[in-house]
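A quick write-up on the structure given underneath.
Where a number appears in this text, it was derived from the coordinates with a stated rule and is not lab data. Note that the structure is a prediction, hence the values are computed from the model and not measured. As a convention, Cβ positions derive from the backbone with ideal geometry for all residues, glycine included, and neighbour counts pool all protein chains shown.
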Amino acid sequence: MQSQYVTYKKFPDAREAMALQHFLIENGIESLFADTSPGIGSAMTGDYGKEYEVQLKPEQFEAADQLLESYAESMIGSLPEDYYLLSFTDEELYEVVLKHDEWNEFDYVLARRLLAGRGKPVDEAEIQHLRQKRMEDLAKPETDQSSWVWRGYGLALAGGFFGVITGYVLWTSKKTLPNGQVVPMYSDKDRMHGKIILFVGILVLILTLLKILLYSDN
């Protein structure tokens, strides 16, 4: 089965996202550019509501990371003297290394360089262990969604349409981890409730439409 493209990096600026996409393609890594700005939100907030993604197949994440790290390594020689990372404490630099996905590749490579220069090189085995633990934590479903579940049932029974939307979101929502793995957003229990809400909402919606049609015929 062919892998689906999933989110690799997000940007508030289309030019940055397109520049990364072109860089990856030029180096043999196929990628997609996507405008994921919320329609209503972007209309109300202008450029502040914009969001763009570069998407890759999950098995390409590691190759892309290595490519960008190599590029960042070559750029360190042109580092400004007042670059903000230079004032980071050791603990803050370790945080950058651990949460590599939340920082750009340049900052990640520089953080490692700075720690090594301070006589505190990164223990690769320990970092990999902590990252694995972090992936496990990020993969955990969102906390109990009881309030949304009961609200969804109420909406489904009241009119159908908004219950259908709530149920669909609870049942199908997923999140992409920094390593490219895609996992369900909510727990099995909440997803099952979402599925039930979805079908209850559809049933109520159909019955409501039939009722309207019957009354209109009379």
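Mind computing the radius of gyration and Dmax over the alpha-carbon atoms of segment 65-109? Å is fine for both.
Just the Cα atoms of segment 65-109 yield Rg and Dmax of 10.6, 27 Å.
Quick one: Debye curve from the C-alpha atoms of segment 136-188, no solvent, what's log10 I(q)/I(0) at q = 0.13, 0.17, 0.28 Å⁻¹?
Relative scattering, expressed as log10 I(q)/I(0), comes to -0.37, -0.56, -1.02.
Evaluate the relative contact order of segment 162-218 (contact order divided by residue number), counting alpha-carbon pairs under 8 angstrom at least 6 apart; express in whole percent.
Numbers: 58 pairs, mean separation 22.7, N = 57.
Once divided by the residue count of segment 162-218, the mean separation gives 40 percent.
Please state the relative contact order of segment 76-133 as a whole percent: Cα pairs under 8 Å, 6+ residues apart?
Averaging sequence separation for qualifying contacts and normalising by length gives 32 percent for segment 76-133.
For the pairs Lys57/Lys174; Lys50/Lys189; Lys175/Lys195; Lys57/Lys120, flag any whose C-alpha to C-alpha distance is greater than 27 Å.
Too far apart for the 27 Å limit: Lys50/Lys189; Lys57/Lys120.
Show me the ranking of peptides 126-139, 98-111, 72-85 by mean Cβ neighbours inside 10 Å, starting with the highest. Please report the intermediate quantities before stating the final value.
Values: 126-139: 12.7, 98-111: 18.6, 72-85: 10.4.
Listed from highest to lowest mean packing, they are 98-111, 126-139, 72-85.
Defining a contact as two alpha carbons under 8 Å apart and six or more residues distant in sequence, what relative contact order in percent does the chain show?
Relative CO of the chain lands at 16 percent.
Tell me, rounded to the nearest percent, the portion of alpha carbon pairs in the chain spaced more than 26 Å apart.
Tail fraction, whole percent: 56.
With a 10 Å radius around each residue's Cβ, average the other Cβ atoms per peptide and rank 16-23, 204-211, highest first.
Highest-to-lowest ranking by the protection proxy: 16-23, 204-211.
For segment 52-136, what does the equivalent ellipsoid look like in terms of its semi-axes, each the square root of 5 times an eigenvalue of the Cα gyration tensor, given largest first in whole Å?
With the √(5λ) rule applied to segment 52-136, the semi-axes are 22, 18, 11 Å.
Can you return the aspartates and glutamates within cross-link range of Lys99? Criterion is Cα-Cα under 17 Å, with same-chain partners fewer than 8 residues away left out.
Within the straight-line limit of under 17 Å, Lys99 reaches these aspartates and glutamates: Glu62, Asp65, Glu69, Asp90, Glu91, Asp107, Asp123, Glu124, Glu126, Glu136, Asp137.
Of Thr166, Ile202, Gly119, which is farthest on the positive side of the dipole of the chain, counting Cα position, with +1 on Lys and Arg Cβ, -1 on Asp and Glu Cβ, and the Cα centre as origin?
Of Thr166, Ile202, Gly119, it is Ile202.
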